[in-house]
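Below is one structure, written out as structure tokens, with a few remarks after it.
The values are calculated or read from the model by the stated rules, or taken from the named source; none is laboratory data. Keep in mind the model is a prediction, meaning the values are calculated, not measured. Cβ sites come from the backbone with ideal geometry, for glycine too, and all protein chains shown count toward neighbours.
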Amino acid sequence: MTVPDHDRVEVRDGAVPAPCCFCRRLTLGLVGQDFYLAPYFLDTDRSFADGRYGQCHLKCLQESGLGRRWASGVSDYFCRRWPDWIGIDGGASRVHVSPPTRGIILWSAQGWFAELPFNVLHDAAADTPSGAGTPRPSRRTLSVSSIIGFEGGPYETIFAALTGGHHSRIELPTLLAQLNCADRVLTPHVLRDGWVERVVPESRKIPLPAEYRARHAVEFDVELINACRAAIRRTVGWRRRRR
Ligand SMILES: [Zn+2]
């Protein structure tokens, strides 16, 4: 799968890797594949969660049979915190817009979540074919780049062990296989061309720690992308970037 360069975006998340609260294997913090189940997402009835909080593979969450219950709790939380949301597909999905973080949270009744910055939807829309007679794809792949760890953290140990300390990049399929997590992703095909790399940020003032970045694709229905754009436009407004 080839992902256009212009779809690349930045997402910051430093809470991983951590054991999945269901299978105890590592979650890598991949957008659309993993999620953080926080106790405060649930209002009063937390009994169904059976103490399972923290990082999880969304696949494990779905297989546990708790996905819909968690989705309901998370949705209620997001509705309270970010009351500007729109329902899509008969309410099966919701888009919550967070102006302070310039990001959105996608929620699905099936128990699927993802957090994305505005610009990933912005760029995706700009590239949608619109010529006469051009068939419109029903799904699109977007590329996300997330910071999943820092120098001195647990990712460094994992990375160094897998690469022998000689390489700055490891392919995601290899990483997932080495960590025995390959069967814990929802959509392996979108990770096929992804990777994790060690990057030392450039700074003119102070030395910054090395970062571990994951870069991979996320697949969306075009209808969902358009609904996200409409929600953002209605909430904060943004103009199409000139190219
Ligand atoms: Zn798991």
What number of residues within the stretch 23-54 are over 27 Å from Val144 (Cβ atoms) and polar (S, T, N, Q)? 2
Take the residues in the stretch 55-104 that are away from the ligand (no atom under 14 Å from the Cβ) and of a type in the set (Asp, Glu), then tell me which one is nearest to Val222 (Cα to Cα). Asp89
Sort out which residues of the stretch 49-80 are more than 21 Å from the chain's Cα centre (by Cα) and either at positive phi or crowded, with 16+ Cβ neighbours inside 10 Å (or both), and write them in order of number. Ala49, Asp50, Gly51, Gly65
What do you reckon, is Ile147 more than 23 Å from Phe113 (Cβ to Cβ), touching a residue at least 12 places away in the same chain (Cβ under 8 Å) and under 20 Å from the mean Cα position of the chain (by Cα)? no
I'm trying to understand the selection: among the residues of the stretch 145-162, which are surrounded by 15 or more Cβ atoms within 10 Å (Cβ to Cβ) and over 16 Å from Ala18 (Cα atoms)? Ser145, Leu162
Residue identified as farther than 27 Å from Phe22 by Cβ, in a strand (DSSP E or B) and more than 16 Å from the ligand (Cβ to nearest atom) among Glu197, Glu202, Glu219, Glu223: Glu197
Quick test of your reading of the structure: Arg198 fulfils all but one of (1) touching a Phe, Trp or Tyr at 6+ places or on another chain (Cβ under 7 Å); (2) surrounded by fewer than 13 Cβ atoms within 10 Å (Cβ to Cβ); (3) farther than 24 Å from Arg94 by Cα. Name the failing condition by number. (2)
Select from the stretch 55-75 the residues that are touching a helix residue (DSSP H, G or I) at 6+ places or on another chain (Cβ under 8 Å) and outside any helix (DSSP H, G or I) and write down the one among them that is modelled with the highest pLDDT. His57
Quickly run through the stretch 28-48 and pick out the residues that are free of Cβ contacts under 8 Å to residues at least 40 places away in the same chain, surrounded by 16 or more Cβ atoms within 10 Å (Cβ to Cβ) and either among the aromatic types (Phe, Trp, Tyr) or within 15 Å of the ligand (Cβ to nearest atom) (or both). Asp34, Tyr36, Leu37, Phe41
Do you know which residues across the stretch 163-194 are away from the ligand (no atom under 16 Å from the Cβ) and crowded, with 16+ Cβ neighbours inside 10 Å? Thr163, Ile170, Leu172, Pro173, Val190, Asp193, Gly194
